[in-house]
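*Asks:* Right, I'll just put the structure down here and ask away after.
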Amino acid sequence: MLDIDGYVPLKAPVSGIVHDLSRSDARAVYQNVLDSIPDRLSLLRSLCERNGYRNDPGGWTKLLADHVETEVDEDGRVSLHPVIKTVVLDISLAMSQRLIDRSNGQLTWKFYTGSKRSLDFQRSVLVGFSKAAKSYQLHLFRPLTNMALTAANGEPMRDLSQYLEMLAEDI
């Protein structure tokens, strides 16, 4: 059982699906995420320490593989348990911060307002990858959620150390 004592979810300043929020409300959510990064990284570090995992991509891989839990809603849709969803969010922020640090300032956060059809619309994305398409942006929460859901279905958890190295190749 994962010891989550003191581990709290990120509180959004407004409720709703970010994609559907007004631009000003979505910007408030974006700013809240950016402002919370130091606290979220500290909470993730404490969670790892308290549960005997390294606070690095290898440790995060093992933490998720060992503790991934899902829920099924009344429509039969499977999603991550809220605590695990928060862990995935924090890991996505930690991995994004590592990419920013490795890029020496080349990568930056951006509030994405491109195509409304994009899954990244009105979300915090990383931009500035020089070896990828000029319009390339990265929002790590979604692929990490998919990896965790895959692990919940009995498949091996993808090694986040290798994934981080693959992403870093595009800096």
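*Asks:* Of all residues being more than 11 Å from the chain's Cα centre (by Cα) and open to solvent by 80 Å² or more (accessible area, probe 1.4 Å) in region 80-105, which is nearest to Ser42 (Cα to Cα)? Just the residue, please.
*Replies:* So the residue we want is Arg98.
*Asks:* Quick one: how many residues across region 157-171 are touching a strand residue (DSSP E or B) at 6+ places or on another chain (Cβ under 9 Å), in a helix (DSSP H, G or I) and more than 18 Å from Leu93 (Cβ to Cβ)? Before you say what the answer is, go through the steps one by one.
*Replies:* Taking region 157-171 and keeping what is touching a strand residue (DSSP E or B) at 6+ places or on another chain (Cβ under 9 Å), we get 167, 170.
Now drop any that are not in a helix (DSSP H, G or I), which leaves 167.
Right, trim to more than 18 Å from Leu93 (Cβ to Cβ) and you get none.
Number of matching residues: 0.
*Asks:* Select from region 19-45 the residues that are of a type in the set (A, V, I, L, M) and within 15 Å of the chain's Cα centre (by Cα) and list them in ascending order. Give the derivation first.
*Replies:* Restricting attention to region 19-45, the residues satisfying the condition of being of a type in the set (A, V, I, L, M) are 21, 26, 28-29, 33-34, 37, 41, 43-44.
Answer for region 19-45, where residues must be of a type in the set (A, V, I, L, M) and within 15 Å of the chain's Cα centre (by Cα): Val29, Val33, Leu34, Ile37, Leu41, Leu43, Leu44.
*Asks:* Within region 8-28, is even one residue exposed (fewer than 11 other Cβ atoms within 10 Å of the Cβ), among the hydroxyl-bearing types (Ser, Thr, Tyr), assigned to a loop (DSSP other than H, G, I, E, B) and on the phi < 0 side of the Ramachandran plot?
*Replies:* Within region 8-28, one or more residues are exposed (fewer than 11 other Cβ atoms within 10 Å of the Cβ), among the hydroxyl-bearing types (Ser, Thr, Tyr), assigned to a loop (DSSP other than H, G, I, E, B) and on the phi < 0 side of the Ramachandran plot.
*Asks:* Also: Can you tell me which residue in region 117-131 is nearest to Val33 (Cα to Cα), limited to those that are small (Gly, Ala, Ser) and open to solvent by 30 Å² or more (accessible area, probe 1.4 Å)?
*Replies:* Within region 117-131, the first condition is being small (Gly, Ala, Ser), and the residues that meet it are 118, 124, 128, 130.
Within this subset, residues satisfying the condition of being open to solvent by 30 Å² or more (accessible area, probe 1.4 Å) are 128, 130.
Working: Gly128: 19, Ser130: 25 Å.
My answer is Gly128.
*Asks:* Okay, next question. Would a scan of region 129-150 turn up a residue that is closer than 26 Å to Arg27 by Cβ and of a type in the set (Val, Ile, Thr)?
*Replies:* Yes, because at least one residue in region 129-150 is closer than 26 Å to Arg27 by Cβ and of a type in the set (Val, Ile, Thr).
*Asks:* Next question. If His67 meets every condition in (1) under 16 Å from the mean Cα position of the chain (by Cα); (2) open to solvent by less than 50 Å² (accessible area, probe 1.4 Å) apart from one, which number is that one?
*Replies:* Answer for His67: the failing condition is (1).
*Asks:* List, please: which pairs have Cβ atoms under 8 Å, are six or more places apart or on different chains, and start with a residue in region 114-135 that is farther than 20 Å from Met166 by Cβ and end with one that is open to solvent by 90 Å² or more (accessible area, probe 1.4 Å) and of a type in the set (Ser, Thr, Tyr)?
*Replies:* Gly114/Ser135
*Asks:* Give the residue that is nearest to Arg98 (Cα to Cα), with candidates limited to residues of region 133-171 that are open to solvent by less than 30 Å² (accessible area, probe 1.4 Å) and among the small types (Gly, Ala, Ser).
*Replies:* Ala168
*Asks:* Can Leu107 be described as at pLDDT 95 or above and in contact with a strand residue (DSSP E or B) (Cβ under 6 Å, 6 or more places away or on another chain)? So that I can check it myself, show each step before the final result.
*Replies:* On the way: at pLDDT 95 or above: yes; in contact with a strand residue (DSSP E or B) (Cβ under 6 Å, 6 or more places away or on another chain): yes.
Criteria met by Leu107.
*Asks:* Which residue out of Arg77, Arg50, Arg54 is surrounded by fewer than 16 Cβ atoms within 10 Å (Cβ to Cβ) and modelled with pLDDT under 95? If you could, list the steps in order and put the result at the bottom.
*Replies:* Values: Arg50 fails: modelled with pLDDT under 95; Arg54 fails: modelled with pLDDT under 95.
Every option except Arg77 fails the conditions.
*Asks:* Check off (1) open to solvent by 50 Å² or more (accessible area, probe 1.4 Å); (2) closer than 17 Å to Leu149 by Cβ; (3) of a type in the set (Ser, Thr, Tyr) for Thr108 and give me the number that stays unchecked.
*Replies:* (2)
*Asks:* Residues that are in contact with a Lys or Arg (Cβ under 9 Å, 6 or more places away or on another chain) and not in a helix (DSSP H, G or I): does region 82-91 have at least one?
*Replies:* no
*Asks:* Could you tell me which of the residues Ser96, Ser135, Ser79 is within 29 Å of Gly6 (Cβ to Cβ) and not in a helix (DSSP H, G or I)? Walk me through how you get there before you give the answer.
*Replies:* Values: Ser96 fails: not in a helix (DSSP H, G or I); Ser135 fails: within 29 Å of Gly6 (Cβ to Cβ).
Among Ser96, Ser135, Ser79, only Ser79 is within 29 Å of Gly6 (Cβ to Cβ) and not in a helix (DSSP H, G or I).
The values are calculated or read from the model by the stated rules, or taken from the named source; none is laboratory data. What you see is a predicted model, and the numbers here were worked out from it, not measured in a lab. When we count neighbours, we look across all protein chains shown, and the Cβ atoms used for this are built from the backbone with ideal geometry, even at glycine. With ligands, DNA and RNA removed, areas are computed over all heavy atoms of the protein, side chains included. Shrake-Rupley method; radii C 1.70, N 1.55, O 1.52, S 1.80 Å.
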